[in-house]
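First up is the structure itself, then whatever we jot down about it.
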Amino acid sequence: MAFRLPAAAVRPLRPLALAKPSAQQARWLATPAPAYPVTQDSRGPTAMVFLNMGGPSTVDEVGDFLSRLFADADLIPLGRLQNYLGPLISKRRTPKIQKQYAAIGGGSPIRKWSEHQCAEMCAILDKISPDTAPHKPYVAFRYANPLTELTYRQLLADGFGNGRGGRAVAFTQYPQYSCSTTGSSLNELWKWRQRLEGKAGPLDDGRDGTIKWSVIDRWPVHQGLVEAFAQNIEAKLMEYPEAKRDQVVLLFSAHSLPMSVVNRGDPYPAEVAATVQAVMHRLKFTNPWRLCWQSQVGPQPWLGPQTSSTVEGYIAKGQTDLLLIPIAFTSDHIETLFELDEEVIGESGHGDTVKRVDSLNGSPVFIQGLAELARTHLDSGIACSTQMGLRCPGCTSDRCTESKKFFAAQQL
């Protein structure tokens with residue numbers, strides 16, 4: 001701007017009066033997946049659904065990815081001309097972005113890492129939270145496969161909902177909440193819940209037979225996240241000469257936001273700053289640091305300073321020992337592998353002293369932290385945070401209002 005459980009028969013799904021999935025989506029849905037009865041004596045099984053932006057797994061998927069991205073007014077607000085400007089911008093940018101994905105191996109690794117992190121977390125949860133086991137991993141991307149619609153259909157096919165109930169946790173993989181990211185993903189999840197499950201009536205025992213959702217909607221200062229970042233920073237600092245190590249400037253880089261979104265009251269800048277402060281506290285403030293912002297798109301004013309200009313400015317001042325830390329990403333994707341590695345560092349002229357901290361990816365510390373966070377949430381009985389229920393002071397989105405009402409009402 002980051003795989004199974006015993007099979008059992010389930011009741012056949014009734015046909016849905018919706019457009020048929022595309023051939024590519026149908027192939028994804030046709031992938032064998034275990035099904036099992038949802039109603040049982042324990043509180044499980046539990047679907048753990050990772051929400052994220054996603055990324056094209058191949059160069060050929062870039063066009064569709066960009067088309068969905070620029071059509072999302074929650075992420076890139078283009079006003080009344082969204083339906084005209086979105087397709088125009090995505091079409092013009094596709095060749096350039098395809099080259100960038102080709103340069104990082106032909107596609108984004110975010111699906112690989114998301115599926116790995118979710119599966120490993122669920123394996124830990126089965127041990128530390130047996131009452132809610134088995135935990136089944138799912139990934140729902142906003143702009144790339146597996147899209148939210150596909151994942152919701154898979155939940156239904158696996159025995160959740162459609163009169164059988166069952167519990168699912170929407171676990172945002174944006175640690176810091178923004179209406180443009182977590183908000184947009186939850187709005188999309190709510191949309192497909194309404195379309196695919198509708199307003200199912202209560203069962204004979206008085207329970208609603210639809211999926212019971214709860215949300216982990218933000219976790220900017222969770223201990224596992226902070227510790228994982230801190231350990232990766234400490235490891236990368238060891239690559240600098242000991243005499244210079246404490247003078248390396250730590251540049252925390254997060255995806256920027258349009259100032260129109262910031263001025264609307266979006267909580268994201270404050271939550272990113274909270275993560276940075278927590279990490280620096282864990283590091284005992286051994287190094288000087290700054291927070292900067294990357295991935296600006298379009299002519300509108302965006303939150304700054306930009307990461308690229310920050311690096312250029314420090315180098316111009318003679319400070320060439322700089323360590324970039326992607327503080328709002330939980331795995332590698334194009335913003336780290338191309339924007340930071342190839343553009344910012346590669347074009348700095350100081351590739352030996354301007355470095356990037358490894359992304360969290362398969363970090364055992366991070367994945368253990370995810371599991372601990374999920375267990376606490378599962379034990380809490382809370383549908384979502386109190387913060388999530390509070391709309392931005394400048395919010396005018398009816399969809400946001402209805403989505404928040406729905407998830408807040410899912411109290412367990």
### Residues of type lysines that Lys212 reaches as a straight line, Cα spacing below 30 Å, ignoring anything fewer than 8 places off in the same chain
Lys20, Lys112, Lys127, Lys136, Lys191, Lys199, Lys404, Lys405
### Query
Can you work out the FRET efficiency for the pair Asp358 and Ala408, with r the C-beta to C-beta distance and R0 = 41 Å, to the nearest 0.05?
0.65
#### Entry: Bridge type composition, the chain - antiparallel percent by DSSP, nearest 5
5 percent
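Would you kindly state how much longer the chain becomes between Leu390 and Ser260 on full extension, computed as 0.36 nm times their sequence separation minus their alpha carbon distance, in nm to one decimal?
Result: 44.9 nm gained on full extension.
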## Note on the structure
Proxy exposure order for Phe338, Phe171 (fewest C-beta within 10 Å first) is Phe338, Phe171
### Task
Collect residues whose amide H, placed 1.01 Å from N in the peptide plane, falls under 5 Å from the amide H of Ala47; neighbours closer than 5 in sequence don't count.
Lys136, Arg167, Ala168, Val169
### Task
Might you list the cysteines of the chain that have no disulfide-compatible partner by the rule of another cysteine's Cβ under 4.7 Å?
Cys118, Cys122, Cys179, Cys292, Cys384, Cys400
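Ranking Ile76, Ile211 by Cβ neighbours within 10 Å, fewest first, what do you get?
Least crowded to most crowded, the residues run Ile76, Ile211.
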### Task
Would you mind checking which residues have amide H under 5 Å from Leu324's amide H? H placed 1.01 Å from N; only 5 or more apart, or other chain.
Leu251, Lys355, Arg356, Val357
### Task
Averaged over every viewing direction, what's the projected area of the C-alpha convex hull for the stretch 59-103? Give it in nm², one decimal, please.
2.9 nm²
### Task
For the chain, state the semi-axes of the equivalent ellipsoid (square roots of 5 times the eigenvalues of the alpha-carbon gyration tensor), sorted largest first and rounded to whole angstrom.
37, 24, 20
## Note on the structure
Phi angles of the stretch 188-194, converted by Karplus (6.51 cos²θ - 1.76 cosθ + 1.60, θ = phi - 60°) into ³J(HN,Hα) in whole Hz with x for Gly and Pro, give 5, 4, 4, 4, 6, 5, 5
### Task
Pull out the extension gain between Val59 and Ser309, defined as 0.36 nm times the separation in residues minus the alpha carbon to alpha carbon distance; nm, one decimal.
87.1 nm
### Task
Straight distance only, please: which lysines reach the Cα of Lys284 with their own Cα at less than 28 Å, same-chain residues fewer than 8 apart left out?
Lys236, Lys244, Lys317, Lys355
### Query
What are the residues whose amide H is under 5 Å from the amide H of Ile211, where those residues sit 5 or more places off or on another chain and H is modelled from the backbone?
Gly161, Asn162
#### Entry: For the stretch 271-276, 3J(HN,Hα) per residue [Karplus equation, 6.51 cos²θ - 1.76 cosθ + 1.60, θ = phi - 60°, Hz, x = Gly/Pro]
6, 4, 4, 5, 4, 4
### Query
For the stretch 223-356, what class follows from the C-alpha gyration tensor (a ≥ b ≥ c being the square roots of its eigenvalues): rounded when a/c is under 1.5, otherwise prolate if a/b is larger than b/c, else oblate?
oblate
### Task
Place a label point 7 angstrom from the Cα of Thr286 along the Cα-to-Cβ direction, then list the residues of the stretch 213-234 whose backbone nitrogen is under 16 Å away.
227-234
### Query
Once label points are set 7 Å from the Cα along Cα→Cβ at both Lys317 and Ser67, what is their separation, rounded to one decimal in nm?
4.6 nm
#### Entry: Rough spin-label spacing in nm, given labels placed 7 Å along Cα→Cβ, for Ala157 and Ala123
2.4 nm
### Expected-Rg normalisation [2.2 N^0.38 Å, Cα atoms] applied to the stretch 275-351
1.15
### Query
³J(HN,Hα) across the stretch 91-107 via Karplus (A = 6.51, B = -1.76, C = 1.60, θ = phi - 60°), whole Hz, x for Gly/Pro?
5, 6, 8, 4, x, 5, 5, 4, 5, 5, 5, 4, 6, 9, x, x, x
### Query
How much FRET efficiency would the formula 1/(1 + (r/R0)^6) give for Asp246 and Glu115, where r is the Cβ-Cβ distance and R0 is 41 Å, rounded to 0.05?
0.60
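Just so you know, all these numbers are worked out from the coordinates, no wet-lab data involved. Not measured: the values here are computed from a predicted model. A quick note on method: Cβ atoms are made from the backbone with ideal geometry, for glycine too, and the neighbour counts reach across all protein chains shown.
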